[in-house]
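I have placed the structure first, in the form of C-alpha cells, so that the comments after it can refer back to it.
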There are 6 protein chains.
Amino acid sequence: MPIVQIEMIEGRSVEKKRKMVKGITEAIVEAIGCEPGAVRIIIRDIAKHNIGDGGELMSDK
Amino acid sequence: MPIVQIEMIEGRSVEKKRKMVKGITEAIVEAIGCEPGAVRIIIRDIAKHNIGDGGELMSDK
Amino acid sequence: MPIVQIEMIEGRSVEKKRKMVKGITEAIVEAIGCEPGAVRIIIRDIAKHNIGDGGELMSDK
Amino acid sequence: MPIVQIEMIEGRSVEKKRKMVKGITEAIVEAIGCEPGAVRIIIRDIAKHNIGDGGELMSDK
Amino acid sequence: MPIVQIEMIEGRSVEKKRKMVKGITEAIVEAIGCEPGAVRIIIRDIAKHNIGDGGELMSDK
Amino acid sequence: MPIVQIEMIEGRSVEKKRKMVKGITEAIVEAIGCEPGAVRIIIRDIAKHNIGDGGELMSDK
C-alpha cells in the first residue's frame, strides 16, 4: 500500500509510463512518508470507443 | 464526477456502447441533477475466460 | 454482468440513488439487450477531501 | 455479491485461472456462508510495462 | 501482485474477513504458484442502499 | 482522463492528501503532457481490518 490504479487513453509510450510511474511514486513517498517499495501502480490503457464523456464516446468527438 | 466503470463481456459493438453511454449519462443527469459533461464512463471488455461465476469460468459454461 | 461501479460525491439521498439505479439499469438493458437482473451496480460515496481535481482537493475549491 | 476483481501479471493459462476461480469461490463461501452462485469474479491481465513497483516498471526489472 | 479487490455487503465480522483473506490467499497461491506475501487483498464494505440489483436498491428488497 | 484511484490505509491527514494530489497531478502532467484539469484523483481510505497481506489481516500484524 498505497495501491494506485490509473485509467488513461491508450497509446502512451512505455517511456512516458516509466516517467509517470517514477514521478507518481516519488510524489506519494514525499507526501505521506511511505517507502517507495510500498507503492504499487496499475495502468489500464482504455480505447477511445470505451470512454464516455458527456454522453458521447470519446472516439466520436 | 460521477465516474462510472463498467465491466461487461467482450464483443459488444461500438454502436451498442454509444447507445449505452448516452443512456447511462441521461439517467444519471436526471437522477442527481449534474451536468452531462460531468459524467465520465469507462467501459472494460472482459473475455469469458476472465470471468468467474459460481466457481466456474464463464467460458466453461 | 454487466457490473457497474460509480464514484460520486457523498451526500446524495437514497431517493436519488434509487432513481439513478433504476435509470442506469434500464439504459443498459435497452442498449445491449441483457436481462435487468443481470445488472449489478455498486455506488461509492466519496468525500470532497478524497477527490483531486486539477491538482487540488475538491474540498479546497 | 461478493464481487471480486483481480489484477495479475498477464500470461497465466486458462487452466490456472479455472483453478483459481474455483478455489477463491470455495474460500469465500466457506468464510462468509454465501451461495457459490453469488460470487462473481473478474480477472484483469496486466502487462509488465503497465505495472509500477517501487517507482520502476515491472518490465524494467 | 496479484491484487484482489472485494466488494461485499457491509456487516461481516472481522473473524469472517480473517478467514476469507486466509482462504483466498491460499487458493491463489495453490492455483498460480506465487508467494503468499505477494497477494494483497482490499475489502470494501458496501451498504445495501449503495447496491443496485435488477434496477432496485438492495435495501428496498 | 487520466483517472487515478488510490487505496491507502486510513488515517492520513487532509494536509497529506492535499500534498499527494498536487504531486501526483504534476507528475502525470510532466510525464504525459496532459492538462492539470484533466487529472481526476479518487482516494479511498481502507481500514487495516479490510486489508489482507500475505494471508493475514493487516490489523492482526
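The values are calculated or read from the model by the stated rules, or taken from the named source; none is laboratory data. What you see is a predicted model; the values in this text were computed from it and never measured. Ideal geometry is used to build each Cβ from the backbone, glycine not excepted, and the neighbour counts take in all protein chains shown.
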| task | For C:GLU15, indicate whether it is part of a helix (DSSP H, G or I), over 19 Å from F:GLY37 (Cβ atoms), of a type outside the set (Ser, Thr, Tyr) and facing chain B (nearest Cβ under 8 Å). | result | no
| task | Hey, can you tell me all the residues within region F:27-43 that are surrounded by fewer than 18 Cβ atoms within 10 Å (Cβ to Cβ) and either charged (D, E, K, R) or under 17 Å from C:MET58 (Cα atoms) (or both)? | result | F:GLU30, F:GLU35, F:PRO36, F:GLY37, F:ALA38
| Taking region A:52-61 on its own, how many of its residues are facing chain F (nearest Cβ under 10 Å) and either touching a Leu at 6+ places or on another chain (Cβ under 9 Å) or among the acidic types (Asp, Glu) (or both)? | 1
| C:ILE3 being modelled with pLDDT of 95 or more, of a type in the set (A, V, I, L, M) and out of contact with any helix residue (DSSP H, G or I) (no Cβ under 9 Å at 6 or more places or on another chain) | yes
| query | Is it true that some residue in region A:14-21 is over 29 Å from B:GLY23 (Cβ atoms) and at pLDDT below 95? | reply | no
| task | Scan region F:1-12 for residues that are in a loop (DSSP other than H, G, I, E, B) and either basic (Lys, Arg) or under 15 Å from A:ILE3 (Cα atoms) (or both) and jot them down. | result | F:GLU10, F:ARG12
| task | Have a look at B:ILE51, B:ILE24, B:ILE3 and point out the one that is within 26 Å of E:ILE24 (Cα to Cα), surrounded by 18 or more Cβ atoms within 10 Å (Cβ to Cβ) and either of a type in the set (Val, Ile, Thr) or in contact (Cβ under 8 Å) with a residue 12 or more places away in the chain (or both). | result | B:ILE51
| task | For region D:30-51, name all the residues that are within 14 Å of E:MET20 (Cα to Cα) and facing chain E (nearest Cβ under 9 Å). | result | D:GLU30, D:ALA31, D:ILE32, D:GLY33, D:CYS34
| query | Do we find a residue being touching a Pro at 6+ places or on another chain (Cβ under 8 Å) and over 12 Å from D:GLY55 (Cβ atoms) anywhere in region A:10-25? | reply | no
| task | Provide a single number: the residues in region C:1-12 that are within 9 Å of chain B (Cβ to nearest Cβ) and within 13 Å of the chain's Cα centre (by Cα). | result | 8
| Can you name the residue in region E:26-42 that is in a helix (DSSP H, G or I) and of a type in the set (Asp, Glu) and, of all such residues, is farthest from F:ASN50 (Cα to Cα)? | E:GLU30
